[in-house]
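Have a look at the structure below before the remarks.
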Amino acid sequence: MDFGDLQKLAVLSPFELKDALIQVASESDRMMLNAGRGNPNFLATTPRHGFFQFGRFAMAESERSFVYMDGVGGFPQRAGIEARFEIFTTANAGQPGTRFIAAAVSYVRDQLGLSAGDFIYEMCEAILGCNYPVPDRMLRMSEIIVGQYIHQEMIGLHPFVGRFDMYAVEGGTAAMTYLFNSLRENGLLEPGDTIALGMPIFTPYIEIPQLNDYQLIETPIDAPPENNWQFTRQELQKLLDPKVKAFFLCNPSNPPSVKLSDEVLEIIADIVRQRPDLIILTDDVYGTFADDFKSLFAICPHNTILVYSFSKYFGATGWRMGVVATHEDNILDRQIAALPEARRQELDKRYCSIATAPRQLKFIDRLVADSRTVALNHTAGLSTPVQAQMVMFSLFCLMDEPQSYKKAMKRIVLRRKEALYRELGLPLPVDPNSVSYYHLLDMQDIATQLYGAQFGEWILTRLQPNEALFRIAQETSIVLLPGRGFGGTHASGRVSLANLNEYDYANIGRALRRMAQEFFELFEKEVAGGAVKKAAVARRAPRK
């Protein structure tokens with residue numbers, strides 16, 4: 001390809017640049033390996049079997065009504081539904097998923113202390129999709145059950161006082177879209193305000209604030225690779241500046257996939273004690289791949305908005321399911337209540353059609369209304385079948401006391417990383433805070449480890465921005481995403497460890513090593529040849 005076009009391509013989002021890389025990688029007869037996108041090639045089967053078995057029961061419940069009409073059913077009937085469910089699970093005991101849904105109902109009743117009949121009825125109505133989401137923020141029992149899962153995975157055993165509210169949304173992307181909009185609409189972020197971004201970070205967090213819709217000023221809080229991708233105390237001190245209204249970050253980070261250490265969590269907690277007005281948005285999509293994970297939502301609950309998606313951990317990107325959570329007592333509601341009277345009157349007018357006392361609306365309920373442009377609040381809410389599958393996923397993990405599924409997921413991605421480094425011929429990086437969903441391959445670091453520091457410095461002078469990625473795509477048919485597109489400071493490529501098979505990552509490691517060797521041979525000719533010429537000139541020069 002013409003590498004003169006790379007300057008133009010460098011301004012693209014890494015996800016748009018990916019299309020150009022795929023085109024280049026597909027031009028040869030080799031099989032194209034797309035290690036760029038994070039869509040996993042594994043998924044949780046047991047809760048899906050449970051969803052479909054529950055669907056069979058829900059259909060049987062519907063067909064109890066209007067029997068005299070072909071192809072027409074009615075709403076499930078609450079009376080006697082628990083007994084009919086027991087008959088169904090007994091009759092279908094050998095079918096995949098039946099044992100799971102029977103155990104799920106038992107868990108809901110015996111461990112969570114909820115009504116088994118109410119749960120079965122809510123799941124039937126949800127799976128059938130025969131009614132609007134009511135409550136619109138999240139179905140009543142679904143919020144309780146998913147809340148238990150979020151508490152287990154995001155908070156764990158960390159002390160947590162009070163309750164939190166959740167809004168079920170169409171994945172983490174919808175959560176981001178809705179949150180940016182509602183923070184602006186409710187005067188929490190205004191054009192010209194400064195927000196801090198924990199770098200590296202998922203690219204849209206960098207791009208959205210720059211849009212004309214928001215016009216926010218971005219302050220990077222860098223987590224450098226030489227500090228094991230952890231924020232330094234010095235960088236975090238930037239958050240003490242009162243001009244910084246909010247701090248947005250991914251934890252574990254994207255793309256390094258490293259969770260915040262306990263030390264960093266405590267530094268941030270101390271900063272919040274000094275800056276009780278600081279808003280934090282933590283995107284913890286990959287937290288479930290980590291052991292003993294603690295979200296900032298656990299550490300600073302009153303200041304933190306939690307975003308979580310089920311997409312990656314359960315292999316459910318097509319379901320579009322996630323949640324936004326806020327503590328019942330939070331800084332968002334307090335800051336809205338403290339807005340100037342004129343601004344509060346504007347907000348009264350905005351929300352007066354959905355509440356007789358608009359000023360009592362929580363931020364999270366404003367978020368729901370704003371997601372449907374307020375006027376369509378009465379039809380807001382995530383698709384109920386999606387909520388039902390979300391509940392199945394949550395119960396699957398709540399009942400998995402040995403954490404067998406978590407161990408399997410961690411084992412899959414770790415084996416792939418091991419295969420990559422084995423064929424690259426380098427030792428596997430060891431970091432107890434790494435969750436290994438993605439990995440950043442630093443071009444200079446790899447070159448230095450393989451052939452020395454001089455070669456590492458030389459190769460950077462020979463490669464334009466993203467040129468290494470296009471050469472890799474052209475010469476090996478492997479697609480990686482640019483690390484700099486995620487706010488990284490080094491020339492690097494993001495490889496997803498989730499979406500290819502183990503032997504593919506071995507091929508990637510082998511191809512990268514081969515390309516490094518070819519560059520090293522060129523380096524030897526240029527550098528060693530230049531040294532020989534200099535020596536010859538020196539020998540021919542007359543002595544003074």
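The values are calculated or read from the model by the stated rules, or taken from the named source; none is laboratory data. Please read all numbers here as calculations on a predicted model, not as lab measurements. Neighbour counts run over all protein chains shown; Cβ positions are idealised from the backbone, glycine included. Surface areas here come from the heavy atoms of the whole protein model, side chains and all, with no ligands, DNA or RNA. Shrake-Rupley method; radii C 1.70, N 1.55, O 1.52, S 1.80 Å.
Between the Cα long axis of helix 140-150 and the first principal axis of the chain there is an angle of about 30°, rounded to the nearest 10.
Take the Cβ-Cβ distance between residue 503 and residue 411 as r, set R0 to 25 Å, and report the resulting FRET efficiency rounded to the nearest 0.05. With a Förster radius of 25 Å, E is 0.95.
When the Cα gyration tensor is reduced to axis lengths a ≥ b ≥ c, the ratio a/c is 1.5 or higher for the range 299-435, and with a/b above b/c it is classed as prolate.
With helices as the sole contributors, the chain gives -14000 deg cm²/dmol at 222 nm; each DSSP H run of n ≥ 4 counts as -39500 (n - 2.57), and the sum is divided by every residue. Across the options 21, 138, 251, the greatest Cα extent toward the positive end of the charge dipole of the chain (unit charges at beta carbon of Lys, Arg, Asp, Glu) belongs to 21. Over the range 269-334, Cα pairs under 8 Å with separation of 6+ residues give a relative contact order of 33 percent. Straightening the chain between residue 22 and residue 357 buys 115.3 nm, computed as 0.36 nm per residue apart minus the Cα-Cα spacing. On full extension, the segment bounded by residue 292 and residue 277 gains 2.6 nm, given 0.36 nm per residue less the C-alpha separation.
Projected label points at residue 210 and residue 400, each 7 Å from Cα along the beta carbon direction, are separated by 3.8 nanometres. Between residue 379 and residue 228, residue separation times 0.36 nm minus the direct Cα-Cα distance comes to 49.8 nm.
Residue ranking by accessible heavy-atom surface, 1.4 Å probe, largest first, among 193, 222 comes out as 222, 193. Cross-link pairs exceeding 23 Å between alpha carbons, from the set 243/349; 238/259; 312/406: 243/349.
At a probe radius of 1.4 Å, what is the per-residue accessible area of residue 84, in Å² to the nearest 10? Answer for residue 84: close to 50 Å² accessible.
Surface listing: 235, 475 arranged by accessible area from highest to lowest gives 475, 235, probe 1.4 Å. Largest accessible area first, the listed residues 125, 61 line up as 125, 61 when surface is computed with a 1.4 Å probe on the assembled protein chains.
Axis angle, to the nearest 10 degrees, between helix 262-274 and the longest C-alpha principal axis of the chain: 70 degrees.
Peptides 45-55, 500-510 ranked from most to least packed, by the mean per-residue count of other Cβ atoms within 10 Å: 45-55, 500-510. For the pair residue 59 and residue 91, what calculated FRET efficiency results from E = 1/(1 + (r/R0)^6), where r is the Cβ-Cβ distance and R0 = 22 Å, to the nearest 0.05? After rounding to 0.05, the efficiency reads 0.95.
Can you bin the range 124-195 into rounded, prolate or oblate? Criterion: square roots of the alpha carbon gyration tensor eigenvalues sorted a ≥ b ≥ c, rounded for a/c under 1.5, prolate for a/b above b/c, oblate for the rest. Because a/c hits 1.5 or more and a/b fails to exceed b/c, the range 124-195 counts as oblate. Rolling a 1.4 Å probe over the protein heavy atoms of the chain, with every protein chain left in place, gives an accessible area that is 52 percent carbon and sulfur. In this simple spin-label approximation, residue 83 and residue 218 carry label points 7 Å from Cα along the Cα→Cβ vector, and these lie 6.2 nm apart. For the chain, a simple Cβ point-charge model (Lys and Arg +1, Asp and Glu -1, everything else neutral) yields a dipole of about 1300 debye relative to the Cα centre. Once C-alpha pairs closer than 8 Å and six or more residues apart are averaged by separation and normalised to the residue number of the chain, the relative contact order reads 22 percent. Determine, from the Cβ-Cβ distance of residue 106 and residue 134 and an R0 of 30 Å, the FRET efficiency 1/(1 + (r/R0)^6), rounded to the nearest 0.05. Once rounded, the FRET efficiency stands at 0.70.
If each of residue 173 and residue 190 carries a label point 7 Å out from its Cα toward its Cβ, how far apart are those two points in nm? Distance between label points: 3.3 nm. Can you give the accessible area of residue 329, probe radius 1.4 Å, in Å² rounded to 10? Here the accessible area works out near 70 Å².
Output the 0 to 90 degree angle, nearest 10, between the alpha-carbon long axis of helix 14-25 and the longest principal axis computed from the alpha carbons of the chain. The answer is roughly 60 degrees. For the range 36-107, the Kirkwood hydrodynamic radius comes to 13.9 Å, computed from all pairs of different C-alpha atoms.
Computed with a 1.4 Å probe over protein heavy atoms only, the accessible area of residue 407 comes to about 120 Å². Computed over protein heavy atoms with a 1.4 Å probe, the accessible surface of the chain works out to 44 Å² per residue.
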